[in-house]
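Student: My questions all concern the structure below.
The values are calculated or read from the model by the stated rules, or taken from the named source; none is laboratory data. As the structure is a prediction and not an experimental result, all values here were calculated from the model. Positions of Cβ are backbone-derived with ideal geometry, glycine not excepted, and every protein chain shown enters the neighbour counts. Heavy atoms of the whole protein, side chains included, go into the accessibility calculation; ligands, DNA and RNA do not. Shrake-Rupley method; radii C 1.70, N 1.55, O 1.52, S 1.80 Å.
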Amino acid sequence: MPGLVIVGAQWGDEGKGKVTDLLAERASMIVRFQGGNNAGHTIVRDGEQFKFHLIPSGILHPDKTCVIGNGVVLDPRVLWEEISGLRRRGVDVAGLRISANAHLIMPYHVLLDTAGEAKLGKLSIGTTRRGIGPCYADKASRLGIRVQDMLDEKILRKKIMAALEPKQQALRELSVRRRKLRRETPEEMPDGPDPRLDLHAMTEEYVSYGHRLEPYIADTARLCWEQLDADRTVIFEGAQATMLDLDHGTYPFVTSSNPVAGAACVGAGVGPGDIDEVWGVVKAYQTRVGSGPFPTELEDETGAMMVERGDEFGTTTGRQRRTGWLDLVALRYAARLNKMDALVITKLDVLAGIHPLRAAVRYRSSEGAVFEEFPYHQSILHSATAEYEELPGFDAELGDCRSEADLPPEARDYLRFVSDYVGVPIRMVSVGPDRDQVVWMGEKPALRAA
Ligand code: IMP
């Protein structure tokens with residue numbers, strides 16, 4: 001199985017980083033294919049914590065090639081901080097490769113993201129404010145600036161000028177707000193125009209990142225083909241998740257890219273025939289950051305317990321995540337949409353001590369209609385309430401379980417119920433943050449040797 005896609009099956013933060021890190025052992029290349037530094041994954045190695053936003057989770061394996069694909073939007077300042085941070089900790093990043101065609105997040109994208117959210121007020125999406133939406137919008141408008149543009153100062157300057165032109169109105173509004181803030185809090189707001197929007201300074205800064213990142217810039221699609229054609233395993237690592245997909249998620253409360261498995265082809269530059277397996281990563285319960293419908297949301301003690309035991313705070317923004325029961329209606333939808341071959345269940349240990357366990361098996365609309373399938377209509381979803389199957393809980397701490405037989409019978413029943421409902425086998429269960437805290441269900445996958 002040379003081409004394996006790992007996707008999030010819910011609203012993100014399922015623990016894809018750990019799964020990728022584990023499977024990367026038996027792959028030769030790991031490719032990120034969409035999103036940007038709105039993502040965040042934490043990997044714990046021998047008690048040491050690593051947090052990444054852009055660099056693929058495989059980077060801790062020195063002999064692997066880690067690719068930031070063309071479908072990613074990249075803030076070079078963030079990437080440079082990540083590279084420097086890893087180097088300071090003695091991690092070899094020589095295997096990193098960045099697509100010359102990936103789009104760059106510019107300072108004005110970040111400002112416009114924040115301003116857009118402020119304008120929406122109560123209707124805001126709750127973005128990570130990292131400039132993701134405005135950057136993808138520029139890409140679609142053909143006003144984007146790409147990694148390769150950092151290598152040519154003249155082109156870069158021209159492209160920045162062209163990209164700024166249609167944004168003048170929005171940027172003028174920002175500078176009016178800046179002037180107002182300066183009057184209110186002169187000590188916090190320095191005099192003069194926003195230095196982040198100065199064409200000369202911006203060009204200089206990005207050229208300087210271009211120099212620093214040049215050794216890593218490559219034709220990454222070709223690198224993928226070489227591995228795949230030599231029958232070596234390539235892992236395509238998704239960021240965010242299915243329910244945040246721009247086309248298939250809970251629009252408009254979604255991200256601006258396509259985190260579904262199909263997007264791995266576009267975002268990495270490979271064909272559908274290069275994908276052999278799709279694994280969906282699922283938290284044993286449900287979480288969401290930002291606004292948008294969440295039919296199984298819990299705003300009670302059980303939800304608070306999930307936050308506390310699951311440490312449900314965002315890696316990127318530190319925001320507390322909303323929590324709820326596992327939503328099997330949404331999961332079955334995600335399984336079909338991605339045509340998942342396997343499920344990985346994470347954070348099963350967090351459910352210890354919760355009695356009974358519940359999993360949503362249908363929705364009921366405000367008019368009383370029953371939905372066994374995920375409804376496409378936004379207003380139905382927004383008012384839907386979930387109906388549950390109840391299952392017995394378990395009290396045992398699972399952190400030391402290493403085989404299926406170690407799991408309490410109630411935990412095994414819960415897993416079986418999920419797998420049967422969705423119609424996809426569970427291949428791995430994570431029972432704690434450390435990389436050895438996993439239970440393989442059935443055979444370990446026979447990934448081809450790197
Ligand atoms: P954006 O991707 O920053 O534009 O944010 C759009 C929506 O996606 C917001 O609800 C964010 O909270 C959510 N989001 C973006 N990235 C992640 C992630 O990595 N995990 C969870 N939610 C995310």
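Student: Out of all the residues in region 323-340, is one or more within 22 Å of residue 262 (Cβ to Cβ), open to solvent by 10 Å² or more (accessible area, probe 1.4 Å), part of a loop (DSSP other than H, G, I, E, B) and at pLDDT 95 or above?
Tutor: Yes: region 323-340 contains one or more residues that are within 22 Å of residue 262 (Cβ to Cβ), open to solvent by 10 Å² or more (accessible area, probe 1.4 Å), part of a loop (DSSP other than H, G, I, E, B) and at pLDDT 95 or above.
Student: Can residue 180 be described as away from the ligand (no atom under 16 Å from the Cβ), within 30 Å of residue 217 (Cβ to Cβ) and open to solvent by 30 Å² or more (accessible area, probe 1.4 Å)?
Tutor: For residue 180, the condition - away from the ligand (no atom under 16 Å from the Cβ), within 30 Å of residue 217 (Cβ to Cβ) and open to solvent by 30 Å² or more (accessible area, probe 1.4 Å) - is not met.
Student: Could you please let me know if residue 13 is out of contact with any helix residue (DSSP H, G or I) (no Cβ under 9 Å at 6 or more places or on another chain), in a loop (DSSP other than H, G, I, E, B) and crowded, with 21+ Cβ neighbours inside 10 Å?
Tutor: For residue 13, the condition - out of contact with any helix residue (DSSP H, G or I) (no Cβ under 9 Å at 6 or more places or on another chain), in a loop (DSSP other than H, G, I, E, B) and crowded, with 21+ Cβ neighbours inside 10 Å - is met.
Student: State all residues of region 93-110 that are aliphatic (A, V, I, L, M), within 14 Å of the ligand (Cβ to nearest atom) and either surrounded by fewer than 24 Cβ atoms within 10 Å (Cβ to Cβ) or assigned to a helix (DSSP H, G or I) (or both); if no residue qualifies, say none.
Tutor: If the condition is that a residue be aliphatic (A, V, I, L, M), within 14 Å of the ligand (Cβ to nearest atom) and either surrounded by fewer than 24 Cβ atoms within 10 Å (Cβ to Cβ) or assigned to a helix (DSSP H, G or I) (or both), then 110 is the only one that fits.
Student: Of everything in region 67-92 that's assigned to a helix (DSSP H, G or I) and either β-branched (Val, Ile, Thr) or in contact (Cβ under 8 Å) with a residue 40 or more places away in the chain (or both), which residue is surrounded by the most Cβ atoms within 10 Å (Cβ to Cβ)?
Tutor: 79
Student: Go through region 307-343 and give me each residue that's in contact with a Leu (Cβ under 7 Å, 6 or more places away or on another chain) and away from the ligand (no atom under 14 Å from the Cβ).
Tutor: Listed by number, the residues that qualify are 324, 325.
Student: Just give me the residues in region 122-155 being open to solvent by 40 Å² or more (accessible area, probe 1.4 Å), within 16 Å of the ligand (Cβ to nearest atom) and part of a helix (DSSP H, G or I), in sequence order.
Tutor: Correct list: 122, 123, 137, 139, 140.
Student: Then there's this: Assuming residue 158 fulfils every condition listed in (1) touching a Phe, Trp or Tyr at 6+ places or on another chain (Cβ under 6 Å); (2) open to solvent by 70 Å² or more (accessible area, probe 1.4 Å) apart from one, which condition is it?
Tutor: The single condition residue 158 does not satisfy is (1).
Student: Give me the residue from region 150-190 that is touching a residue at least 60 places away in the same chain (Cβ under 8 Å) and in contact with a strand residue (DSSP E or B) (Cβ under 9 Å, 6 or more places away or on another chain) and, out of that set, nearest to residue 105 (Cα to Cα).
Tutor: Filtering region 150-190 for residues that are touching a residue at least 60 places away in the same chain (Cβ under 8 Å) and in contact with a strand residue (DSSP E or B) (Cβ under 9 Å, 6 or more places away or on another chain), the one nearest to residue 105 (Cα to Cα) comes out as 150.
Student: Please name all residue pairs, on different chains or six or more residues apart, with Cβ atoms under 8 Å, provided the first residue is in region 424-438 and is closer than 25 Å to residue 50 by Cα and the second residue is of a type in the set (Ser, Thr, Tyr) and surrounded by 20 or more Cβ atoms within 10 Å (Cβ to Cβ).
Tutor: 429/346; 430/346; 437/430; 438/430
Student: Quick one: in region 230-242, of everything that is in a loop (DSSP other than H, G, I, E, B) and touching a helix residue (DSSP H, G or I) at 6+ places or on another chain (Cβ under 9 Å), which residue is farthest from the ligand (Cβ to nearest atom)?
Tutor: We begin by selecting, within region 230-242, every residue in a loop (DSSP other than H, G, I, E, B); these are 230-233, 238-241.
Checking the rest, the ones that are also touching a helix residue (DSSP H, G or I) at 6+ places or on another chain (Cβ under 9 Å) come to 232-233, 238-239, 241.
Details: 232: 28, 233: 25, 238: 10, 239: 6, 241: 7 Å.
Only one residue fits best here, namely 232.
Student: Still on this structure: Within the set of pairs 6+ apart or on separate chains, which have a first residue in region 229-253 that is open to solvent by 30 Å² or more (accessible area, probe 1.4 Å), a second that is not in a loop (DSSP other than H, G, I, E, B), and C-beta atoms under 6 Å apart?
Tutor: What qualifies is 248/337.
Student: Follow-up question, since we're still on this one. Suppose we filter 51, 18 for residues that are open to solvent by 10 Å² or more (accessible area, probe 1.4 Å), within 16 Å of the ligand (Cβ to nearest atom), assigned to a helix (DSSP H, G or I) and not acidic (Asp, Glu); which single one remains?
Tutor: Unique residue meeting the criteria: 18.
This table checks each residue for (1) more than 16 Å from the ligand (Cβ to nearest atom); (2) among the charged types (D, E, K, R); (3) part of a helix (DSSP H, G or I).
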| site | (1), (2), (3) |
| --- | --- |
| 200 | yes, no, yes |
| 214 | yes, yes, yes |
| 224 | yes, no, yes |
| 228 | yes, no, yes |
| 249 | no, no, no |
| 261 | yes, no, no |
| 270 | yes, no, no |
| 273 | yes, no, yes |
| 292 | no, no, no |
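Student: Residue under question is residue 44, and the condition is that it be surrounded by fewer than 20 Cβ atoms within 10 Å (Cβ to Cβ), within 19 Å of the chain's Cα centre (by Cα) and either at pLDDT 95 or above or not charged (D, E, K, R) (or both); does it hold? Write out each step before concluding.
Tutor: Numbers: surrounded by fewer than 20 Cβ atoms within 10 Å (Cβ to Cβ): yes; within 19 Å of the chain's Cα centre (by Cα): yes; either at pLDDT 95 or above or not charged (D, E, K, R) (or both): yes.
Yes: the conditions hold for residue 44.
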